[in-house]
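Structure, as structure tokens:
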């Protein structure tokens, strides 16, 4: 936790704790936000100005929500600070040592001493130059863009939406041991037809490696009557998919599947920018908890089955997740008993 650590905008945007240890600043947009606040240290910066800085063209509809999530994460990383007043955020230069401010101080000192003490002036200039580690405010590789505030359109094109799709018991478990089946024995024709219609839409799946391997094992061990052979599951597994893994082979015997090595947050952040179709993930609990924390999940779609599995429940869905407020967008009842809830998450302040 940083108390009076150092902010380093003179080069790739970095932060250091008091002991010099680097502070991980998270995904690119989060680092860009900190860089923008460093650049304006000591003065309030309006939310609209920060949105325009992070998304110079076509900001997503969820831009303000994403900004709030980034602020929340930065506060945790930096040990507080970044107060919000009247629609603005501010970085206090007295709380953090900024190398940009140190550069200005050394430069001013060198100029004052240039005539009276040239050697001391040279040392001050050298110390100022040593603070530069590359192009200012770069984010490896893209620099922060600082744009004047502009009038924003009422309707804003969204980046690709990401839906976390999950089956759950009433008490929040994703599976159960014993004689429970994959649907807890509660599947019916409306549920199965609805799932098939859902996956007939054009979209890209995103899986963690463990979930993708598990689906492959279940299919390999199944017969024609197995639940894993239900039409919607077959359709889901044949959609274009990205598998996030550091251990799987980059080339699989599946033409629609791309294996990407790296952090899921960075992979999905890039997919949301590049994908021309919506993104969806079924299961992959650990990965999706990380994506929720990073503010990359636009919708949580929970199919809630009418069972309680307190004794036999496995895979608690939100165990270890952050706290979120949920805005209910859609809901439906299937087969007179199973509920589907689609919610928009927002990190609880």
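Nothing in this text is a laboratory measurement; each read-out follows from the coordinates by a stated rule. Please read all numbers here as calculations on a predicted model, not as lab measurements. Don't worry about glycine lacking a Cβ; one is built from the backbone with ideal geometry, like all the others, and counts go over all protein chains shown.
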_Cut-off 15 Å, label 7 Å out along Cα→Cβ of residue 64, residues of the stretch 314-349 by amide N_ = 346-347
*What's the FRET efficiency of residue 119 with residue 92 using the Cβ-Cβ distance as r and R₀ = 30 Å, to the nearest 0.05?*
0.30
_16 Å tail of the calculated P(r), the stretch 282-333, as % of Cα pairs_ = 51 percent
*asked:* Restricting to bridges with both residues inside the stretch 162-347, how much of the DSSP beta-bridge set is antiparallel, in percent to the nearest 5?
replied: 45 percent
*Given labels modelled 7 Å from the Cα in the Cβ direction, how far is it in nm from residue 197 to residue 311?*
3.8 nm
*For residue 261 and residue 218, what is the calculated FRET efficiency with R₀ set at 25 Å and r taken between the beta-carbons, to the nearest 0.05?*
0.55
*Under a plain spin-label model, where a point goes 7 Å from the Cα along Cα-to-Cβ, how far apart in nm are residue 274 and residue 235?*
2.7 nm
